[in-house]
1. Can you pull out the residues in region 167-201 that are in a helix (DSSP H, G or I) and either touching a Phe, Trp or Tyr at 6+ places or on another chain (Cβ under 9 Å) or within 12 Å of residue 78 (Cα to Cα) (or both)?
2. So is residue 89 among the hydroxyl-bearing types (Ser, Thr, Tyr), part of a helix (DSSP H, G or I), open to solvent by less than 20 Å² (accessible area, probe 1.4 Å) and within 22 Å of residue 44 (Cβ to Cβ) or not?
3. Inspect region 128-141 for any residue being open to solvent by less than 70 Å² (accessible area, probe 1.4 Å), at pLDDT 95 or above and among the small types (Gly, Ala, Ser) and give the result as yes or no.
4. Looking at residue 157 and the list (1) open to solvent by 30 Å² or more (accessible area, probe 1.4 Å); (2) modelled with pLDDT under 95, which single condition is not satisfied?
5. Could you tell me which residue of region 1-26 is surrounded by the most Cβ atoms within 10 Å (Cβ to Cβ), considering only residues that are over 17 Å from residue 173 (Cα atoms) and acidic (Asp, Glu)?
6. List the helices (runs of 4 or more DSSP H) inside region 1-74, counting only whole elements, that have at least 1 residues being within 18 Å of residue 216 (Cβ to Cβ).
7. Just need a number here: residues in region 162-192 that are surrounded by fewer than 18 Cβ atoms within 10 Å (Cβ to Cβ) and of a type in the set (S, T, N, Q).
8. Residues in region 37-52 that are open to solvent by 60 Å² or more (accessible area, probe 1.4 Å), more than 15 Å from residue 118 (Cα to Cα) and out of contact with any strand residue (DSSP E or B) (no Cβ under 7 Å at 6 or more places or on another chain): how many?
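The values are calculated or read from the model by the stated rules, or taken from the named source; none is laboratory data. Keep in mind the model is a prediction, meaning the values are calculated, not measured. Note that we place each Cβ from the backbone using ideal geometry, even for glycine, and neighbour counts take in every protein chain shown. Keep in mind that these areas ignore ligands, DNA and RNA; they rest on the heavy atoms of the full protein, side chains included. Shrake-Rupley method; radii C 1.70, N 1.55, O 1.52, S 1.80 Å.
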Amino acid sequence: MNEALNTILQRRAVKVFEPVEISEELREQILNAARHAPSSFNSQPYKFYWVGSGAKKAVVAKLCLGQKPAATASALVVAVADLGSLSATAQGQLEWMRRSSFNEEKIHDYERRAKIGRILFMPGPFGMFAVIKRLLFWLLNLWKVLGMPPLSRQDLFKWATKSTSLACQNLMIAAETLGMNTCPMEGFDGRRLSRYLGLSGRHQEIVMVIAIGKRSSVHSEPPQWRRPLDATVTIL
C-alpha cells in the first residue's frame, strides 16, 4: 500500500501518551505541514499555538477539562480560526510576489482579487454590508449561478473553520508520518482558554485542541469501525 495512504488509514485518536520530548526540528516539520494545507484565496485564516512547556501545558490541559490525552501529551496545539490575519496575509503574499519577480500583470491580478475578497468578506459596521450583499447576490443569482459569500461574522468564522480544519488534518497526518500520535479534542472551556492565550473575541475563535505525543504502551486500541463505502459515498 502507498505509504501516505497507509499513514492516513492507521492514524487513530490516542487517549494516553508516553512523556517523550518533541524536538524543535520535529515540531517545525509538523507545523510546516499544517501551513501547507489548502485555503480559500490562499488566505490561511488560522493560527496555531504550540503549548509545550510544563506549567503552561498543565494550565491548558486543565482547560481541556482534564482529559487524559491533554494531561499526558508531550504538547498541545490550539488551532484558532483567525479573521484578523487576512489583511496581513494578503499583503505578505503581494510582497513575496514582488520579490519573486512576478510580472506586473500577475501582481495587478492578485491585487484585484484580494480587493474583491476583502469586499466579499467584509460584514461592515453592525452587519450593514451583509444586508447589501445579501440583496445584491440574491438579484445576481436570478441571472447567474454565483452562490452566496459569507454575510455575517458567524458565516466568516464558519468559512475560516473549514480552512483551519484542513490544516489540522495536515498536522495530524504529518505527526503520524514522523512517528508521533495525536488526539483532536473539542472538549475545552473556550472562553477561559481564549482569555489565557490572549485571543481576540472579535477576530479569533478556537476550533480544536490537538494533543501530540507518543502512544503509551498502556493505551488500549479497540478495533476500528467505519461505515461501508456505499453508505458514505454516492456516485452520480
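1. 167, 168, 171, 190, 193, 194, 196, 197
2. No, not satisfied.
3. Scanning region 128-141, I find no residue that is open to solvent by less than 70 Å² (accessible area, probe 1.4 Å), at pLDDT 95 or above and among the small types (Gly, Ala, Ser), so the answer is no.
4. The one condition residue 157 does not meet is (1).
5. In this case the residue turns out to be 18.
6. Fully inside region 1-74 and qualifying: 3-10, 54-63, 68-72.
7. So the answer is 3.
8. So the answer is 1.
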